[in-house]
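Beneath this line is the structure, given in structure tokens, with notes to follow.
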Amino acid sequence: MAATAESLHTGLAIVRGGADFSAAAAARNELFRFRFGTAASARSSDDDAEGVFRLYIDSIGESAQDEIWTTSGAVGAGKVGDFAIAECEEYLAAHIELDPGSEADFQILTTEVYRDLLGLTRERGYPNLARVWNYFPGINDGRGDLELYRKFTVGRAKAFDEFDYCGDALPAGTAIGTDPGTPFTISALATRETCCMVENPRQISAYDYPREYGPRSPSFSRAVAVAPVSGCQLLISGTASIVGHESMHLGSPEAQTAETLRNLEELVRRARVETGRPAPSTGLLTDGYLRIYVRNPQDLPVIEQALRDGLVDAPNCVFLKGAICRRELLLEIEAAGAM
């Protein structure tokens, strides 16, 4: 089911559209939009416009339309230091693109940019970080604790420690590897109001992972419910075929897709319980929007069939080529939608 601004009934909503999408026609205000693609041909004349956040990751198959986040309130946009920002009464969105530099310095760079991000959100009066997206090349480069993802995880954790973010105060998150030569890109959404962080009973919380996954556990919640007066939106972290803390169904994109869907369904169920929302008769999320990151594009037909087999409705999906933080994982799915 395609997401529409009218159907989500919340202060925050997501739609898909091109550069000519008119938020005014939908009686909404555009807060910001994600634009996908690495090729020069993917760029549009308004790429440098305020509120356009470029993600240097390519779609698989059909070209990905812009992912447009709208709000019912007035919106302002501009620059604060190296961050592009867009804000309304309830939300602040921030986006930054950086040269990832050398592998040796990546941990330090991550700490510095997260320190700046957290300082920005607090200084502008949006102290609750709800959602962060991270993209950088070479995510699986290096072995053991020298892997770039583990360096990122340590760097991020150090910044969160400085700002007293821990455990169930952590935002939902995604970290995906992109092609060589792409920038280190961070996009974030912060709120004025306290969020409801949601964990998955089928999984150990990422922030409690054992030492075998690195010197610091990953700093994110499995999902976050943002609940303005007008409704509730669930923002689900990048989710994969993990039960407990172990990767499941190695080598099988079909089985990994099915396991990932079970994790998503459990997260939605748990979020509805924790926020007191009644469960609908069908569907994963009401007008859910899914980003599906696929390591090997040749796996796409199998993954698509597994999605058709596992979903009651037909959520609005975009398929993107990206490396997952664990080498053995073939796909990762993030989702957003009303509950």
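What does the net charge come to around C232 if you take all other residues with beta carbon closer than 12 Å to its beta carbon, with K and R at +1 and D and E at -1?
For residues surrounding C232, the net value is 0.
Can you pull out the trypsin sites (Lys or Arg not before Pro) in segment 128-233 whose DSSP state is coil and whose Cβ has at most 11 other Cβ atoms within 10 Å?
Listed in order of number, the matching sites are R143.
What nm distance separates the two modelled labels at R192 and R115, each placed 7 Å from Cα along Cα→Cβ?
3.0 nm
Give me the net charge for the shell around S102: Cβ to Cβ below 12 angstrom, other residues only, Lys and Arg +1, Asp and Glu -1.
Once positives and negatives cancel, what remains is -3.
What list of ³J(HN,Hα) couplings, whole Hz, do you get for segment 139-146 from phi and the Karplus terms 6.51, -1.76, 1.60, once you set θ to phi - 60° and write x for glycine and proline?
Ordered by residue, 3J(HN,Hα) equals 4, 9, 5, x, 10, x, 6, 8 Hz.
Applying the Karplus parametrisation 6.51 cos²θ - 1.76 cosθ + 1.60 with θ = phi - 60° to the phi angles of segment 254-271, what ³J(HN,Hα) value in whole Hz is obtained for each residue in order, glycine and proline being reported as x?
5, 5, 5, 4, 4, 5, 4, 4, 4, 5, 5, 4, 5, 5, 5, 4, 5, 5
Counting DSSP beta bridges in the chain, what percent are antiparallel, to the nearest 5?
In the chain, DSSP labels about 75 percent of beta bridges as antiparallel.
Restricting attention to segment 46-93, which GluC sites (Glu not before Pro) occupy a DSSP loop and are surrounded by at most 12 other Cβ atoms within 10 Å?
Answer by residue number: E62, E89.
So what's the back-of-envelope 222 nm ellipticity for the chain, counting only DSSP H runs of four-plus at -39500 (n - 2.57) apiece and dividing by all residues, rounded to 500?
-7000 deg cm²/dmol
Of T70, Y91, F136, whose Cα points farthest to the positive end of the dipole of segment 58-139 (charges on the beta-carbon: +1 Lys, Arg; -1 Asp, Glu; origin at the Cα centre)?
Positive-most Cα among the choices belongs to Y91.
For R202 and N140, calculate 0.36 nm times their separation in residues minus their Cα-Cα distance, and state this gained length in nm to one decimal.
Fully extending the segment from R202 to N140 adds 19.8 nm.
So how far, in whole Å, is the C-alpha centre of segment 300-339 from the one of segment 124-176?
22 Å
Distance from the Cα centre of segment 105-121 to that of segment 181-212, in angstrom?
16 Å
Could you grab the relative contact order for the chain? Cα pairs under 8 Å, six or more apart, rounded to a whole percent.
19 percent
Once you have the Cα-Cα distance between C166 and Q305, take 0.36 nm times their residue separation minus that, and quote the gain in nm to one decimal.
Length difference between fully extended and current span is 46.2 nm.
With θ set to phi - 60°, apply the Karplus curve 6.51 cos²θ - 1.76 cosθ + 1.60 along segment 334-339 and write out the HN-Hα couplings as whole Hz, x wherever there is a Gly or Pro.
10, 8, 8, x, 7, 9
Any read-out appearing in this document is the output of simple, stated calculations on the displayed coordinates, not a laboratory observation. Because the structure is a prediction, the values reported are computed rather than measured. Don't worry about glycine lacking a Cβ; one is built from the backbone with ideal geometry, like all the others, and counts go over all protein chains shown.
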